[in-house]
Each structure stands twice: as structure tokens, then as C-alpha cells.
1. Starting with the fewest neighbours, write out 252, 38 ranked by other beta-carbon atoms found within 10 Å of each beta-carbon.
2. For a protection proxy built on the mean count of beta-carbon atoms within 10 angstrom, sort 165-178, 121-134 highest first, please.
3. With a cut-off of 8 Å between alpha carbons and a minimum separation of six or more residues, what is the relative contact order of the chain in percent?
4. Taking every DSSP beta bridge that has both residues in the chain, what percent is antiparallel when rounded to the nearest 5?
5. Quick check: Cα centre of the range 18-91 to Cα centre of the range 209-272, how many Å?
6. Round to the nearest 0.05 the FRET efficiency obtained for residue 167 and residue 254 when R0 = 25 Å and r is the Cβ-Cβ distance.
7. Using only DSSP helix segments of four residues or longer, with each worth -39500 (n - 2.57), what per-residue ellipticity at 222 nm results for the chain after dividing by its residue count and rounding to 500?
8. Have a look at 45, 24, 105 and tell me which one the Gaussian network model of the chain (Cα, springs below 10 Å) gives the largest fluctuation.
């Protein structure tokens, strides 16, 4: 497999080729991120007959900033066009239950493909390239399995197996640097302006609402880090590993924020509004930032 970036491999959402799966299969609660509540398997009120979002250009203003943060890593079009061969859940309602079960499984597999594809581009990981290629190819094969196989797949076990390799990549990238150890740390609202976090281990760290303005995050491992509402204005994240567009979208930043080449500056970084604060849980309040459900309960630990 050629060592190409996740973006070059098409591990990005293509909504034109999807049956609006993220707007149907996934549940969400009425909160700062979503104006209304929705159960899994029920179409969002904004989903149109052609599977387009009726308020796509006004999501943040209309109370659905959470939709602008979500990224399926290309799983939506894979399930729609490959797994179910272009049969949509409206025209073939008998497929709906299985399709909605398979979608979140596929999303996790595609997320792993993103990480593995990135790892294959890193010079520091050269010594384990054969293992990384094998893991990528095995994961890709899984994404092409039948719906019946995918809905029964123990995706958590597969993630754990791949994560062993990703941990090794992280160690190789950060070798020789005395980066801080913050794996799974509670850094909610932390004052880290200008902090030296080079080569830090921030896997699964809770950085909700943290002040990271001007922080040096080069070579930091950010897999699974919760950056909702974190202020990355002027921060340097070049060379950081396992950072995704969804994490960037959930944060605040500025044109001066430096990102890895595979990622882009979200539009709301240059056109801030109150919706972006509410989306990230950073809206001021007497008890600090809140999560998507409107409580201070932490999301499940990852990474």
C-alpha cells in the first residue's frame, strides 16, 4: 500500500454519496450542540427527502453546531455505496435496521484507517512499517465485509489490537524528547497559555475549555484528546500525531494556529459566534464547561 495521507486516501466524509446516515443512525440529546433530541434510527427533523440537510449553511446559527464537528471519516459513503450497494433505507426499508447498526461500526474502522494511514507517513515509524501496512490492509478488508459480518464484529477488540501499534508509533515519534505525561489527565479549563507541551502524551486527556493559546504542541500525541472549547489560538500543532479534523472543529482557534498539513482551519475560527462557544461547552457559566448532554459528566475515556 502506498504511504499516502488520510486525506489522499479519501478518509473524509462525502455527504453527496451518503444516505444521511449520521442524521438518522445516531442519537443526540437536546443540548448546546443540538437544538432538539433525537433517538437512534429516527431521521433528524432537518433531513430532506434527497438526504441533504435543510439548514446545512446555518447549522451553527440554528442551534446544531454539533453537526459541524462530527466526522465519519468516510464511513457514510462506504456503508451507502459499498456495503449496501447503493440501496438506501427509504427505498429499501428492510435494510434500515442493519444499515444503522453497521454505520457506527464502520466509522470506528475508518477512524482506525485514518490513524494507520497517518502513521505510515511518519519517518519515525519506519521500523514498524510492515506491521502498520498489515494492520491497515486487515482493517480495510474488514470494511468490505458483508453487513452480517460487520454488525457482529467486536470492533472494540480490534481497536485494542490496533492501538498497541499506535502506541508504539507514538513512542517512536516522541523518542528523545522529555514530553510531559498527561495521558487521560483532567485538564478541563486548565490555564496552559504558552505552555511547553512538545512531545507530550495527551492521549485521552480532557482539555475541554482549556486555554492553550500560544502553546507548543509539536510532536504531541493527541489521539482521543477532548478539545471541545479548547482555545488553540496561536498554538503550534505541527508534527502532532493522531489529531483529527473533528477534534480541530470542536476547538477554538485563529488564523495564527498552526496545524498538521492534513488538516484545515475551520470556518468558525475566523467568524466566531456564540454558537461556537455553546457547541464546545465553553459558553461562560457559574460551573464551567459542560459536555454535549448539558452535564459535567466526562465522556468515555479513549486512547
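Read the figures in this text as sums done on the coordinates, not as results from a lab. Computed from a predicted model, the values in this text were never measured in an experiment. FYI the Cβ positions are ideal-geometry reconstructions off the backbone, even for glycines, and counts take in every protein chain you see.
1. Details: 252 25, 38 18.
Fewest-to-most Cβ neighbours within 10 Å comes out as 38, 252.
2. 165-178, 121-134
3. Here the relative contact order equals 15 percent.
4. On the way: 2 of 13 bridges.
That works out to approximately 15 percent antiparallel.
5. The range 18-91 and the range 209-272 have Cα centres separated by 25 Å.
6. The value I calculate is 0.20.
7. -8500 deg cm²/dmol
8. It is 45.
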